[in-house]
Structure formats: structure tokens, C-alpha cells
1. At a 10 Å Cβ-Cβ cut-off, how would you order A:Ser42, A:Ser314, fewest neighbours first?
2. Tally Lys and Arg at +1 and Asp and Glu at -1 over the other residues with C-beta under 14 Å from the C-beta of A:Asp94: what net charge comes out?
3. How would B:Thr71, A:Thr379 line up from fewest to most surrounding beta-carbon atoms within 10 angstrom?
4. Report, as an integer, the average count of C-beta atoms from other chains found within 10 Å of each Cβ along A:246-253.
5. By its C-alpha gyration tensor, with a ≥ b ≥ c as the square roots of the eigenvalues, how is segment B:4-77 shaped: rounded for a/c under 1.5, else prolate for a/b larger than b/c, else oblate?
6. Going by average Cβ neighbours within 10 Å, how do the peptides A:138-144, A:418-424, A:274-280 rank, with the highest at the top?
7. Can you give the calculated 222 nm mean residue ellipticity of the protein assembly as shown, where each DSSP H run of n ≥ 4 adds -39,500 (n - 2.57) and the sum is split over every residue, rounded to the nearest 500 deg cm²/dmol?
8. Set the bar at 18 Å for Cα to Cα. Now go through A:Lys514/A:Lys538; A:Lys307/A:Lys382; A:Lys476/A:Lys549 and name every pair that lies beyond it.
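Any read-out appearing in this document is the output of simple, stated calculations on the displayed coordinates, not a laboratory observation. On a predicted model such as this, the values are computed, not experimentally measured, just so you know. Cβ sites come from the backbone with ideal geometry, for glycine too, and all protein chains shown count toward neighbours.
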Amino acid sequence: MLNLDQYSCLGAALRDALDRWSNEVCLIEADRDREKTRLTYSDFKDVALPLARALEDAGFNSGDRAAIIMTNQSKWLISAYAVFYRGGVLVPLDYKLTASEHLQLLAHCKAKFLIVEYYLWRTLTQSPEFKNNKVKKVLVTEAPLRADLAGAYRWEEFRRKGEPGFVPREREDVACIVYSSGTGGRPKGCVLTHENYLEQCKALIAWYPFWPGVRYLSILPTNHAIDFMVGFIGPFVCGACVVHLRTLRPEFVRDAFVRYKITYVSLVPMILKNLERGLRAKFDELPAGKRFLMHRMIALNKSLTRKHPRVGLSRKILSTVHQGFGGELRAMFTGGAFVEPSTLQFFYDVGIPVANGYGLTEAGTSLTLNDLNPFRADTVGKPLPGVELRVLNPNADGVGEVAVRGKTVMSHYLDDPELTAQTIVDGWLVTGDLGRFDGNGHLQLVGRKKNMIVTAGGKNIYPEDIETAFEGLSVKECCIFAANYLWPAKTLGRETLVLLLRLEQNQELTEALKEDIIARNRRLPDFKRVGGYLLYGKDFPRTASMKIKRTLLAEEVRKSLGRAAVVEL
Amino acid sequence: MPNFDQTLNEILNLAAAHFKVPREKLAPDDDFFKTLGIDSLQTLDLLTRLEHHFRIELPDYELQGVSDFRTLADRIQARL
């Protein structure tokens, strides 16, 4: 791998990687069972530099912001490299947001350029808010031949001959602005520096190294902090290969493991659970004798890997299971959302360790990770090298709010000094998550102090962001809470949102009102929907400027109502 | 080529059979995540069944934001 201490910016590290491993394959892109693209590092450079030159000629300069809204594919990484090459700031946006949300964030980050897939661009241009779009140049990928691009350029044709000028950046310069939330209210744009990424990358690959020949299957969205690091920067600075799959259909994901002999993959808990279900069903379908033998082999593997994984041995003992994953899988990564320990244990017992970690966008990719020495299903691992963690004001059980300090912590929230000051206190970033350290230095998360949930699909949902969906509801007032915030739970699983309703005096909750709530809820993406509603009998406490005093309201609700009062929607 | 109502009906029949839910419990405007009790991955699984049945190919993004059978039928009908 490259010695990242020698680099001041991502662009320079990537530039050297392209030269150092020029003949190695860096990218494979497949759509279902059809391979669409296969690029060596040299090919990658040949595609990216003419784009960087075209950006330069179009006036894209050091510090300019370019947003990307794309699904996982080769053009995502090629575009990102071209932006870094020109010293730009990348703004990776979640492609699953609505057009209105995309436009809001594009305006907030003041993006000069936008690189977007055609189907998403079409949706953006059809949005009523599009008239306020201020992005100067738009590059659209994969547009049909005669499509009306509404003034945008075709990505495939946006090329110029000639060597582009490389623009170096300093370590403290901004590399990316990543939105952790705020699509419906106060945008939280995490400003991350080149140093944040270089240090995070160094720490991660110290524990989970990549090398030429390693293949990483990129399923999590690349705009997500985890995939950006382990599905782009990490593999590239080590000469490894990233495999993109244009579909998340379970059958094609399973095929991709085998077809491309995947070494590493990152998964959200939902997909991990799906894989577990599939494997368990296969075990159950075995004839009684073979099923007995399989369980004996699993028990044997478990006893032989008690202290640490022995990948080679596990592949021999449980060869059919490993062949189902291509026979080369070394580990799967997960984090960002609660994973059932039984799922982690299941995979470890069959010889496929899942490295469970914990991180937040505000602090790069990962703060803790399981080092598998030994494997622990009940924790989110130990702090990565260079990450300082502490538990603030621990109670008698050692539980308190987790705070972090280190070179991976973001610089600030974009254009929000007040929120930055609340979040980074005396150099420590307070996470809003509750945890404790065990005797072996492993972090155990036990709940949240902040009013938000993380779905099994790895999405952070902040109640304030979805309240706009219920604006104008014919009640006196309403707001949304995370159920575990109202009634603290000693778990991070099964998180849900609750709509708190204050009806007018003598108003009843009619069927029509209920239907309106259901209809509004359904207009939200499935992962953002509220799970139930709660009737509250008092006016909401408010500030002088009429903002809801959420902490006080939560305390009042907690005192008067229990979880059982929630009516499921 | 089936008309829209036939397509919708076939989708409801297939969903009921695939997820073992009584057909009469499914209605065109139902939120299939809720009615079938499935997550987004299982929805993709259903989509694969529908593709095989109708002999079409639907990119994943066509399902983005779709959560009721009627809209799903609309997307499928457009590709028949």
C-alpha cells in the first residue's frame, strides 16, 4: 500500500496509486449477470484525466464544489477522482433522497457542478423547486440518445484532450461535504478534510489490509461514509479491485460473490440478516444425515476458531458454505446500525467473520471495529488506531455519552457554527450515543441520548426532517419523536418513530384524520415512516420564538404516557 | 398484451402466492411493505418474480418510492 503519511491530499494519493498499479484491475461493473465495465488502474486514468481537463476548461478550480448523485458504478469513482485532481470539494449526495431534498442540499452546499445519472436528473428537472436550481454545470450519465437534457452535458462526451493541471491541497483543506441529515429542516453538512480521510484510511487498513488481487464488493451506496472509504479510497491506495453491482437483487448479489470471488464486502444489517435467512433455509433443506453433519462441522469450526479466525481452515471444514460465497471471502464489514449478536455469531461460526464497527459521518467512517482477536458478537469493537474515545459522566454501570477526539473528526458543520459548537466541545465530538467500555477495551453501545433512529438499512433518520410531511395536519399541533428517546431502551434494535398529536379542544381522532395521517406517512420513503401515533393531552411547551422545547416535551410525555399508549399505524 | 387491470390483478395474485397471504386481503392501493410485512429487500425479490412472469426487466430505480400495487402495476405496464 501507499505510505499515506507522505500525502497531503486524496488527489495526490490516488494519482500515485493509478501509476503504481497501472496493470492491476481496479474496477469491475456488472449489471445483473452482465459485466459492463472492467478497468485497470491505467484505463481508469485514461478515462478520468480527459474529464479532469474538461472540468478545468469549464472553470472548475481549487475549492469549487461538485456534487454527485449516482448509484454505485464506475463513473462515480472516475468523477470523484477528476474532482479531487482539480482540487475540488466533493459533495456525495444520497441518491435515494427525493428531488426536492436533492435540490435543497444542492442549494445549501452551493455546488458549482453536478454529476448525476439520467433518471435522477429527469426527476430533478420535473420538480417544482427546480426553477431555483443554481448549479452552473450539470453532467448527466447514461442519457438516452435523443433525450432532452435540459441544458446539461453528457458525461460521456464531456472530455478534453491535453494534460489537466493537478491542483494539490493541504491536509487541513476540505475534501468532502457529507450530509448526515437535515433534508427536511436544518441541513447538517459535515465538512471533512483530506487529513480526516487519509488518517481514517490508514487506521482501517492497518487492521483490514487490501492488496492487489483483493476484490471488494461495493453494495452500500458510495455516498455512504463506509463505502466511500472501503469501496474507493482504501482499495485504490492498496492496488485492490472494487466490484460494482448495479442491482441489489439478492440473487444477483449472491451470484456476484461467486463470479468475482469477493474478498471483502460491507453490508447493512438488513442484507446480512437476509443472507443469514437464506443460509439457514439451505441448512434446513438438507437431508437429515447431511444436516447433522453440517451442524457437526459448524461446531468443529467454532471450537477451532475460538481465539481468532482461521480462514483457510474454515474454508476446508465448511467448503460448501464458503464456495457459496466464492471461496475467497475473508470478512464482511457492518456498522452504522444495530446488528443482532446472534447474526454476527452465526456467520463467525461458519467461518465468515463479520467485523462489526461503530462510526458516524461526523467522524469519518469508523471509530471502533472488531479486531477479531477474539471475535466478540456483543460489542462494536475497540477504538481504531489514532481514535480517542471516552464515556462522559458515566453512571454506576459505566454508561454515559460516547465522545471522540482524533484526526478523523470533521472540521465543522457547513455554515452552522452554533450546531458545531454544540457538537464539538473542547475538541471532543459528542456522539449522542450511550455506551460503556468493558474490561477488554471493547465499546458496547446501549442506547441513544439523541432524538433519532438508525434503520436496519443503515439510514439515520432525524424526526425533525420528516415533520414537514405532517405539516397542515388538522390537529392543534404535532411533532415526531424516536420512541427510544421518549422511553430510553437498553437496546439499539427495532427503533421506530412516533407521531405525537395534540388535538384541538373537543376534537376527536376521526377516521378521516387517521386516513390523512396514513396517507401522508405513505408518501414518505418506507425507511422514513412513523411506526405509530400517540395522543397527548397538553399543549406543547415552546420557546419565545415558538419552537417546540423538545427535551422538555419528551420529559413530560415520558411522565404521563408509556410505550403501550402508541397506536400502531 | 394484458391491459392495466389484468396486470394489476396478476401482480396481486403473484404477491399473495409468493408471500402466502390470502388474495382477498390484498387491495390495489395497499402499502405492500405493510400489508405483506416485507422489507425493501424482499420487495426486490418480488420484483424478480414479476419480471419472470411478465418477461420484462425493471431496473431497481424503477421501484424507488413505489410502495403500492397500483403504482407498481403502472411501472410494469409501461414496459410491456
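1. Values: A:Ser42 14, A:Ser314 25.
Fewest-to-most Cβ neighbours within 10 Å comes out as A:Ser42, A:Ser314.
2. Values: positive: A:Lys96, A:Lys188, A:Lys459, A:Lys528; negative: A:Glu101, A:Glu117, A:Asp227, A:Asp465.
Residues close to A:Asp94 contribute a combined charge of 0.
3. Numbers: B:Thr71 15, A:Thr379 21.
Exposure proxy ranking, most exposed first: B:Thr71, A:Thr379.
4. 4
5. Numbers: a/c = 1.37, a/b = 1.17, b/c = 1.17.
Verdict is rounded for segment B:4-77.
6. Numbers: A:138-144: 20.0, A:418-424: 15.1, A:274-280: 16.9.
By packing density, highest mean first, the sequence is A:138-144, A:274-280, A:418-424.
7. Working: 23 runs with 231 residues, N = 649.
-10500 deg cm²/dmol, from helical runs alone.
8. Working: A:Lys514/A:Lys538 20 Å; A:Lys307/A:Lys382 16 Å; A:Lys476/A:Lys549 16 Å.
Over 18 Å Cα-Cα: A:Lys514/A:Lys538.
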